[in-house]
1. Roughly speaking, what is the stretch gain from residue 202 to residue 89, that is 0.36 nm per residue apart minus the C-alpha to C-alpha distance, in nm to one decimal?
2. Give or take rounding to whole Å, what are the principal axis extents of the alpha carbon atoms in the stretch 11-111, in descending order?
3. Counting only DSSP beta bridges with both residues in the stretch 1-155, what percent are antiparallel, rounded to the nearest 5?
4. What residue among 407, 424, 370 has its Cα farthest toward the positive end of the dipole of the stretch 357-424, where the charges are +1 on Lys, Arg and -1 on Asp, Glu, each on the Cβ?
5. So which chymotrypsin sites (Phe, Trp or Tyr not before Pro) in the stretch 46-86 are both in a DSSP loop and have at most 13 other Cβ atoms within 10 Å of their Cβ?
6. Which cross-chain or sequence-distant (5 or more) residues have an amide H under 5 Å from the amide H of residue 86, H modelled 1.01 Å from N in plane?
7. Compute, for the stretch 1-155, the length of the dipole vector about the Cα centre, with Cβ point charges of +1 (Lys, Arg) and -1 (Asp, Glu) only. Units Debye, rounded to 20.
8. Can you compute the charge dipole magnitude of the stretch 357-424 about its Cα centre, using +1 on each Lys and Arg Cβ and -1 on each Asp and Glu Cβ, nothing else charged? Give it in debye, rounded to the nearest 20.
Amino acid sequence: MNFIDQAKISIYAGNGGDGKVSFRHEKSNSRGGPDGGDGGDGGNVIFEASNNVSSLSYFRYSKTLRAESGQHGSSKRMHGKSGNDLVVKVPVGTEARDEKGIVVADMTEIGQTVVLAVGGKGGFGNSHFVSSRRQAPNFAEKGEPGDSKEITLELKMLADIGLVGLPNAGKSTLIRAISNAKPKVADYPFTTLEPSVGVVDVDQNTSLLVADIPGLIEGAAEGKGLGHDFLRHIERTAIIMHVIDAYDEDVAKSYEIIRKELRAYSTQLIKRSQIVVLNKTESMDEQSKKQLVADLKKVVKPKTTPIVAISAKSKEGIRDLVFIASKTNIRALSVKSKKEKPKIHEYTLNIADSAWQISQIAPDAFRVDGAQIERFAIRTNFSNDQAQARLLDILRKRGVMHALVRANIKPGDVIDIAGKGKITY
């Protein structure tokens, strides 16, 4: 089975390059001076929705994605080369969730791009820190590590209409009859092992996208049968088309079984616009068809739902069904456009958060935490006294050192900077 609609992957943005500690050594300039260049930024991991990719099969063997890291700075103020972004093409309809299950990307349009992991910033070289007070800085910043996370991908097909029904109801034959899709057709259950999508031409200016979902059985929402893994594809369809075998022992019961499974999977599914199709009626007389339609009307909700008797095999009633589907889709899209689009969270580094807090972790030790404080700590070489002095300057400017004094810090006490390094006060 080549169709892959779920994948768990690890993504790593590129690390930023380290800044360079360097001094000029030129015969014509005996005084020299700092000339260390900055490190390059790490590359981002970017997802792009593409119509040329049909499944998530690429991630079957590529479960780890890494963008390129930035190069270190060089002497003569040479900036390190930034790492290339890693652009990964995914099918339209791909949804990405983080470790907490939050949707961080919803790829619904061709060409849409989302940055899922942000590359680390390159560190400044020592030439960056020259000032009237510090004319020969002997330190440079380290590059920041790139963003990393575990992502779960799910492919949810984007279709106007989703065909659902019990095994062997004739869904594959129907989608072949109304569209350009060519799924496998046979006279035994479960011939459809993966969703099929076809384009239905209503007229010269109108077309519909129809998805054939593998046959469901009772208990599918709890994991029974083949349909459970594909129920997610119905979530994005505007219309649910129930396909029922006219020769089922009880057509009303067949409808109720499928509706029950849709409700068990998601209560939102049973609120979708729907069309009920009574299939395989080519050998029935008109009275028998009317009786079956009447039986269905007793259980179909809402009562305004169209019930259409057709034969996908002989194509009897197919054109009427297509026009009914088109009108139903127009109404469904009109209702959908009035609803507020759900907010999608996209990952960015929270570099604007200047909040910080201090805590006493031992009689002679304090800890300082905060988003920006942590970023400065990551970039600091704690084995270099000048680099530590610069970090203390940053803490003073942000009021951290004043707060530590108010917390009764004493000379010789240790300051833990966001768990990234320690400085003696």
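1. Working it through step by step, the gained length comes to 37.6 nm.
2. 64, 29, 24
3. 70 percent
4. Value: 370.
5. 61
6. Here the answer is 44, 45, 46, 68, since their amide H atoms fall under 5 Å of that of residue 86.
7. About 980 debye.
8. 220 debye
Values quoted throughout were computed directly from the atomic coordinates according to the rules given, and no laboratory measurement underlies them. Computed from a predicted model, the values in this text were never measured in an experiment. Cβ: placed from backbone, ideal geometry, glycine included. Neighbour counts: every protein chain shown.
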